[in-house]
1. For the range A:367-451, what does the alpha-carbon gyration tensor say about shape, rounded, prolate or oblate, given a ≥ b ≥ c as the root eigenvalues, a/c under 1.5 as rounded, and a/b over b/c as prolate?
2. If eta is 0.692 mPa s and T is 37 °C, what Stokes-Einstein diffusion coefficient results for the protein assembly as shown, Kirkwood Rh from Cα pairs, in µm²/s?
3. Of the trypsin sites (Lys or Arg not before Pro) in the range B:113-203, which ones lie in a loop per DSSP and count no more than 14 other C-beta atoms within 10 Å?
4. Between helix A:164-173 and chain A, what is the angle of the helix's C-alpha long axis to the longest principal axis, kept within 0 to 90° and rounded to the nearest 10?
5. Highest mean first, what order results for A:36-43, B:54-61 on Cβ atoms within 10 Å?
6. Would you please state the base-10 log of I(q)/I(0) at q = 0.12, 0.15, 0.25, 0.26 1/Å for the range B:425-484, with intensities from the Debye formula using one equal scatterer on every alpha carbon?
7. Quick check on chain B: take the gyration tensor over C-alpha atoms, sort the square-rooted eigenvalues as a ≥ b ≥ c, and tell me if it's rounded (a/c under 1.5), prolate or oblate.
8. Based on the inverse mean of 1/r over its pairs of different Cα atoms, what is the Kirkwood hydrodynamic radius of the range B:80-340, in Å?
Amino acid sequence: MFVPHSDLDREVMLKAIGAKRLEDLFTDVPKHLRFPKLDLPPAQTEMEVLATLNEMAMSNLSVRDAICFLGGGAYHHYIPAAVDAIIQRGEFLTAYTPYQPEVSQGTLQAIFEYQSMIAALTGMDVSNASHYDGATAAAEAVVMAYHNFRGKRCTAVVSQALHPQYRQVIRTYTQGYPGFNVIGDENTAGDPLAEPESLLPLITSDTAIVMVQYPDYFGRIYDYTKIGEAAHAAGALFCVAVNPIALGLLKPPSDFGADIVVGEGQPLGIPLSFGGPYLGILATRKEYVRKLAGRLVGETIDSEGKRAYVLTLTAREQHIRREKATSNICTNQGLVALASTVYMSLLGRQGLRQVAELCYHKAHHAADRIAQIPGFSVCSGAPFFHEFIVCCPKPVEEINDYLLNYNILGGYDLGQDYPGLENHMLVAVTELISAEDIDAFCEALEEAVND
Amino acid sequence: MTEPTLYELSSQGRPGFRFPQPDVPLTPLPEGFLRKDLNFPEVAEVDVIRHFTRLSRLNYSIDQGIYPLGSCTMKYNPRINEAAARLPGFAHLHPLQPVETVQGALELMYELQSWLAEIAGFAAVSLQPAAGAHGELTGILIMRAYHQSRGDSARTRVLIPDSAHGTNPATSAMSGFQVVNVPTDAAGNIDLAVLRTLCDATTAGIMITNPNTLGLFDQNLLDAIALVHQAGGLVYGDGANLNALLGVARPGDLGIDVMHFNLHKTFSTPHGGGGPGSGPVGVAKHLVDFLPGPIVEIVEEGDEDMPPLFGLVQPKKSIGRVKTFFGHFGMFVRAYTYISMHGPEGLRAVAENAVLNANYLLARLRSAYKVPYDRTCMHEFVLEGRWEDAPEVIALDISKRLMDYGVHPPTNYFPLIVHDALMIEPTETESLQSLDAFADVLLKVADEAHQSPQLLKDAPHNTPIRRVDEVKAARDLVLCCWVPEAESN
């Protein structure tokens, strides 16, 4: 309970209001529905609640007590201690959206620096202040393209190697747009691992946006120059979904002609936290800045000529534009964006390159080792970053059950999302995995098959 | 007081964070895909800590004092929430782990789903939406799916009171609906006479914020809901102002069909300077099958020896997924902690004291500020920030002058139906002393507006920066630390 009043305080206040009892303030509430009895557990103290929560938390298997090879859009990276120290500062933690710039320069400048680093990383001109997560950023990119062509282009061409959940969210977001179709991922040819060029025939004058992932959902690295050219030749926008850690090593999607870059920012210093809160990256070229969803911080001056920051181009937004806004987004991921800003500034160019290379080398070592285990093969078929596909001799679920005996969280079972990829495991390797962990994984995989 | 940017603090070659050397054989890097350069600042850890610490001190926050932003419910954020969310068994779970290894997390989600449903009177809750506006989108898509499932495709319009948050019309438009404005009557309620003329077979539903953004419990609410229901429409409840209703009235009992919660308002999860929020959606019985999934259910009943098995289930006619994974789990832990510490009586006390605080402030300010809709308010109220006998002063000037006295201004220029609105929500966590200090400042500023208006026009004087040039920001767009044209990768 965090109400600071004594009974005497309440008496003084009621008297000032001219009411006898607290209940008198609620006479507008229909009487027969007023003060319902809520069937909830009785109040507990901080000590009691923490004991309960601790017990619940202990019943979970934390990735810190396991060896984690799960990826699929969320990755277990090391988070420098300084990140949490900054985001726990009450001045950042308990501030609202910076509507009043004179008392919010801390938040505003931090967002401005976030926008700068995301622009640098993606090769775009402009990043917004953050979006909810990678999937919703991808969906906003599609909405943005739909409006860019005033609803006259009614198709989004998406790669089947775009994260399955991103594709689901895109479909949810666009269900209110009459005649809008999301195509390209239905796998008509029957090959879920087909090359990206298989999208080319689908790009037409009805295409509003073409979206691919880099590295793709399976971890593969492709050159998307041809896809970008085809999108532009058809007059469509080209969007690339990225993993920001990979961009520490790989050339930015601007090199492929991307108009919009989206991505999941979780790898940039954000704990796994069972799926959220994460960080949606949404960046674009400057000609589309007025179509962009979400907050933007701009540099300006104050009345004495001092440099200052302020939310800008608010005429795109719901609180000004209402039904004509580019998006309905209001609260976004401010504190998470701050965490990623601290992370990126701690690492710098060299640190980000180093962590990306560590992931790359360890993943390739793991892939080499796994490929030597009888019955297993690696079937990524293209250069990959830190995630690869392992073809297994038996169902992935059975193997993963066995691995749990060793507190190993095996890779994701791709058969859940891709018919045709039964017995295929998506394995992710980050800098937190050691050579010994990889040995242990390989031994356990071998045993699992012979079990 | 200007803090250099990270880029200005950067010095080429300065060592940053170090990672261990590889303990595996190296693999050749993928030639042709390698990045040539990355324009990131190069700073040391001490630079980073000092930079962000200095930046933090340019902010105002609840931890420093009252933050009376109307409809934002800036209450104290208990620190135990932060400790709970950082327990390793919550903070370090991968969302794709086998369900057997995350039963504690699923149990917490299951209980939070059922507690929220109980608090607001709904049949089921999905925790997936990321924030309030995202919850609205989810709710409106649920309404759409409901009508479609009945073959009722003529319902293309959503009714929205003119006092609504901007997210309401933006959400409806984003979901493919046409927005129809509903006026407010002289008492600050939905204008029933007009509403009656607007309800017909094209009405998909209405979006109602109650208490509304004037801080009033709509006296026409039950009639308005009945009108929409009679026309075959559904009623969306914007849960932004739920703080006033905890243990006071359940939106589901009032007839609302679907509503989002703002865990970052009502249930004390921190705003973080603009998120992360969390916007679970609750629905009445007839909409349960349309919820976005997955949601947590008991998939195997337990017994004396075995606890139940929690699993993730997709509702039958789900609108689909609105987000990756399950929502903002870290916020669920915080809200769960908060509800646990309050219990049923404690939650009612939250609402009662929030309403008490608002009415007390209103009583203290009524003599100096015009109250356009003056009756007993709920958790917030709206004043006019202007006076006929001080014509040069506007609400913005009052807001800026408040900063000089070390308090955060109220929400200004909203709701749109009040001229120069000052929308004040103190929340239940402000003490009598804090409320009195805030009221004293507002009274003093009202006095200054009449005696020395220039003080207000030039305000703020004591903040890290003075009034900013917003026009320049939008005209000479500078959105990152360098000019994009000069940049090459």
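The values are calculated or read from the model by the stated rules, or taken from the named source; none is laboratory data. Every value quoted in this text rests on a predicted model; they were computed, and no experiment measured them. Positions of Cβ are generated from backbone atoms using ideal geometry, with glycine treated the same way; all protein chains shown enter the neighbour counts. Side chains included, ligands, DNA and RNA excluded: accessible areas come from the protein's heavy atoms. Shrake-Rupley method; radii C 1.70, N 1.55, O 1.52, S 1.80 Å.
1. Rounded, since a/c falls under 1.5.
2. In µm²/s, the coefficient is 116.
3. The qualifying sites are B:Arg150.
4. Between the helix axis and the principal axis of chain A, the angle is about 50 degrees.
5. B:54-61, A:36-43
6. -0.56, -0.74, -1.05, -1.07
7. Since a/c reaches 1.5 but b/c is at least a/b, the shape of chain B is classed as oblate.
8. The answer is 18.8 Å.
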